[in-house]
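None of the figures in this text is laboratory data; all of them are computed from the coordinates on show. Predicted, not measured: the structure shown is a model, and the values here were computed from it. Neighbour counts are summed over all protein chains in view; Cβ atoms, including those assigned to glycine, are modelled from backbone coordinates with ideal geometry.
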Amino acid sequence: MYYLGVDMGTSFTKGTLVDEEGRVALRVRRESSVSNPQEGFFEVDAEKVWWKNFLWVCERVLSEFPASSIRALCVSSVCGSFVPVDEGFRPVHNAVLYGIDRRSESLVGVLNARYGEEFLQKRLGNAFSTHSVLPKILWLKMNRPEVYSRAVHFLSSFNFISARLTGVPAWDIPTAYGALMLDGETEAVPQWFLEDQGLDAKKIPPVISPLQTLGPVTRKAAEETGLSPGTEVVLGACDINAEAMAVGAIRPGSAVSVFGSTVSLLLNTSEPHSLKGFMTGRSLLPGVWRIGAATASGGRTISWGLSLRQDGQGRQNGSSLLAADNVPTGRAPTGIFFVPYLDGARTPFNEPTARGAFFGLTSAHTPAHMAAAVEESLGYELAHIISLMEKSLTEESRVTKSAFPSRLEVSGGLSRVGSLMQSVADITGRSLRLHPEVDASFGDALIAMTAHVPWEDLPSPDRALPVIQPSEFAASYGEFSRRFAALCENVARLG
């Protein structure tokens, strides 16, 4: 028997089928697309991209395995994103994406001023940002009233699929916390906000455990997908949580960093923590909390940096950093700082108007040095985020048992780039255990398995994993990290 996991990312939809021992039986993936209809707006045509890609995954899987052999499935997708749907779970508007979508930017400022950042930090875990879902729903009500009126449910990006399969709409607790949709005092959607802003509470589905089974695939959905009616569907959570499950970073004291189109970080703790600018709240497992962070930099930033390094004929240099066989090699700091805010600043500043900048250039520097500085910036930004987490944990040391681990579990496409990973290890001072062969869809498959197996008994496949240790150059990055953090803070203020 098998379990199916599907992750719908911004670049690819990925599917993984595992057996009862957690061994991968099949992997498939297909390109996805994001639309940018106007400046600051980022959307996905949920029907044409996510639903059709899900059908494609089902077709590929079922061409090799009988539908009756799939006991359960789980779907994940991008965090902080939602789809307005009608009573049949059909979209009435494109999916609105996470923090890169800045349509609510001015409204966020108004709401933060109205309620006060201190009050919002206490009740929701933070002040509103462009990653927050409720301000974007309010934006639709104010600017697209016909969409708001037609919407019966505002579904999370992945429940758009699972609701179509089961007929059950729901948000999961970790994703709702991260999108500032839960009042920490009641662990429910903040009624005070909905009532004050005239939002219909019935349009927000119930918020439940991510490991809860929504129900079986309906007969109608089975006819459309080819899945067996009765196949169980587990709710799951957004992609960073599935990545955490994929690499085994789900217990207190563990941390995962995903290096994809953007970089994200999740630290699991045994107690709740409040940290300005970060995503806090409950994690994937019962009784486990988390501190989450996300940047606007990542694969897209690296690709932009590579475009600086060209040969004499104007073509990109053949020594692409993104080569999968790139060998880990430590190197001394360039001494150049690149502020990687090409698409704004996310954690901890949440300043969408921040812009990128180079600092420290001299006439001796070349485009190759600048490209290397862009690479370093991912490590510096992660090191800054880790230092803020550590500071928060230290300040609460009298009442907490939490600490930031000395090793990070790392996944994502850029985990295959050895030189980048060595740079990150040197700058953060952490060892990196790399998981280049698994992704969120593998974590989804394991979450699907919880329909029949307690999470404590999930299989842990024996994989030989590479570990990158900080090199002899690590000590030379300390002062540069401190300067980078100060520079970023000043640049973010300018935004």
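Here are the numbers for the structure shown:
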{"item": "Filter result for the condition that a residue is more than 17 Å from Asp444 (Cβ to Cβ), surrounded by fewer than 23 Cβ atoms within 10 Å (Cβ to Cβ) and either touching a Leu at 6+ places or on another chain (Cβ under 9 Å) or polar (S, T, N, Q) (or both), over Pro206, Pro216, Pro145", "result": "Pro216"}
{"item": "Filter result for Ser76 (buried (at least 23 other Cβ atoms within 10 Å of the Cβ), polar (S, T, N, Q) and touching a helix residue (DSSP H, G or I) at 6+ places or on another chain (Cβ under 6 Å))", "result": "yes"}
{"item": "All helices (runs of 4 or more DSSP H) inside segment 379-495 with 1 or more residues being without any contact (Cβ under 8 Å) to a residue 12 or more places away in the chain and exposed (fewer than 15 other Cβ atoms within 10 Å of the Cβ)", "result": "478-494"}
{"item": "Residue count, segment 43-73 (criterion: assigned to a loop (DSSP other than H, G, I, E, B) and without any contact (Cβ under 8 Å) to a residue 60 or more places away in the chain)", "result": "4"}
{"item": "Helices (runs of 4 or more DSSP H) within segment 123-175 that include 3 or more residues closer than 15 Å to Val78 by Cβ", "result": "159-166"}
{"item": "Given (1) more than 29 Å from Val234 (Cα to Cα); (2) surrounded by 23 or more Cβ atoms within 10 Å (Cβ to Cβ); (3) of a type in the set (S, T, N, Q), index of the condition Thr130 fails", "result": "(1)"}
